Amino acid sequence: MGKTIRDVATLAGVSTATVSRALAQGTKGVAEGTRTRVLKAAESLEYRTNFIARSLKTKSTMTVAFIVPELANNFFMDVAEGMGEKLITDGYTMLLASSGNSTEVEKRRITMLADRGVDGMVVIPAGSRGDHLQAIADRGVPVVLVDRLAEGAHVDAIASDNEKGAFDLTRALLDDGYRRIAFVGGDITVSTARERLSGFARALAEAGIVPEPEWICLGGMEVQDGYRRMKTVLESPNPPEAMVAVNLLVHLGMERYLLGTRVQAVIAGFDTSEYTPFLPACRYIAVQNAVEMGRSACAKIIEGITEKKSGSFPQETYGGRVTRLPVTIIRHEEEKNGTKSL
């Protein structure tokens, strides 16, 4: 027969309420010595918390959902890693789901997760509109956006300083003497692409450069998009000397296209991976701190959950605050050698 919380309390010499508090990770108000005694008693009795019963009593499942556009994207998984570090410390479990880059799928996922009682949601939006996310927040489920913003969702968000990152990336190419610089890839319905294009355009404008229309080669955020756009850029009447890639996947597609040519290209792109040192055309990288982004988003969602549990969760004051994390520019040779950034 399984041991009960009362058995643990008897062995530890404390009340059942103290056992409940001691076993709830992240809960304060229990002396460290008492917590240690309770944990030892629970371990010796092989006691396991009945999470279903606890959720019914506390009206909390101690779960946070993380919805991403796709699971194969290393950047999104680095964000998840940062979230996981923080969540486990505070006693929460993460439920990971993919929207498949579809707003309609995203709507179904968040509705299902809300109906199943998750305590909060962290979302990387699949599209430009976030009215469905606001609707979930209006139901009293704390929602935090990460990486991307969405119109109509007046909730807190954690994002990189994309505009300045792209400005600095383009400025590095300008400082190297390049003047004909293209911007490759990007779905302008996605906030990150819009912000990066804005930073690129500002850097050229401050340098007194008016880009040729074909130097702004938008379309898509995936590897195949980078491959197609690279072909278009190189076949233009006045091909650029250097290029800014909107993200790592587009960058990989651009490099893949170059493998079948003798073109000597120079690329500066957002994001890095373990494969970045092997990209021959890469000159500069704009590095986002994805893990810290995850940690920050997690801290923000736990703050919202705590406010909700305490009854102080007025949506009109909770939402709409965007926290921007800095982007670091690294020269490719330094990325390979593990040395300094710009």
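All of the numbers you see were taken from the coordinates with simple rules; none came from a lab. The model shown is predicted, which means the values in this text are computed figures rather than measured ones. Cβ coordinates were reconstructed from backbone atoms using ideal geometry, including for glycine residues, and neighbour counts include every protein chain displayed.
What the table shows:
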| quantity | calculated |
| --- | --- |
| Backbone HN-Hα couplings from phi across region 234-243 [Karplus 6.51/-1.76/1.60, Hz, Gly and Pro as x] | 6, 8, 6, x, 10, x, x, 8, 8, 9 |
| Normalised contact order of the chain, rounded percent, pairs of Cα under 8 Å and 6 or more residues apart | 16 |
| Using distinct alpha-carbon pairs, which all enter the 1/r mean, Kirkwood radius of the chain in Å | 22.2 |
| Residues Thr10 and Thr89, FRET efficiency given R0 of 30 Å [Cβ-Cβ distance, rounded to 0.05] | 0.55 |
| Backbone HN-Hα couplings from phi across region 162-174 [Karplus 6.51/-1.76/1.60, Hz, Gly and Pro as x] | 4, 4, 5, x, 5, 4, 5, 5, 5, 4, 5, 5, 4 |
| Residue-by-residue Karplus 3J(HN,Hα) for region 212-224, coefficients 6.51, -1.76, 1.60, Hz, glycine and proline x | 5, x, 6, 7, 9, 10, 7, x, x, 10, 10, 4, 5 |
| Signed unit charges on C-beta, dipole axis of region 33-173, positive-most listed residue Ala114, Ser102, His132 | Ala114 |
| Loop-resident sites, region 182-279, for GluC sites (Glu not before Pro), counting at most 11 other Cβ within 10 Å (DSSP) | Glu235, Glu274 |
